[in-house]
Amino acid sequence: MKAICPKNPNHKEFITTAHELHEWVVTNDGEFIEDEGCLSIVSPPDSGNIWTCKKCGEEAIMAD
């Protein structure tokens, strides 16, 4: 999997989604107080996601 910016192939950073498992500090009612950080990655970035070039905002083309 490789993301390529269609506007400029020299652009190498992209924004996409991933899912992480975090521990939270909560009240006794379950209300959020603080994020203790990431425990693990549930689902890493996927080629089926939308990937947007961080530099110019173009939607990336995905290559194998």
Worksheet item: Roughly how big is region 2-63's charge dipole about its Cα centre, with Cβ charges of +1 (Lys, Arg) and -1 (Asp, Glu), in debye to the nearest 20?
Response: 760 debye
Practice prompt. In whole Hz, with x marking every Gly and Pro, tabulate ³J(HN,Hα) for region 44-49 from phi via Karplus 6.51 cos²θ - 1.76 cosθ + 1.60, θ = phi - 60°.
Written response: x, x, 10, 5, x, 6
Fill in: Candidates per GluC sites (Glu not before Pro) in region 7-64, loop by DSSP, up to 16 other Cβ within 10 Å
Glu13, Glu31, Glu58
Practice prompt. Could you quote the convex hull projected area for the chain, Cα atoms only and averaged over all directions, in nm²?
Written response: 5.7 nm²
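Every read-out reported here was derived from the displayed coordinates using simple, explicitly stated rules and does not represent laboratory data. Worth saying up front: this structure is predicted, and the values here are computed from it rather than measured. Neighbour counts are summed over all protein chains in view; Cβ atoms, including those assigned to glycine, are modelled from backbone coordinates with ideal geometry.
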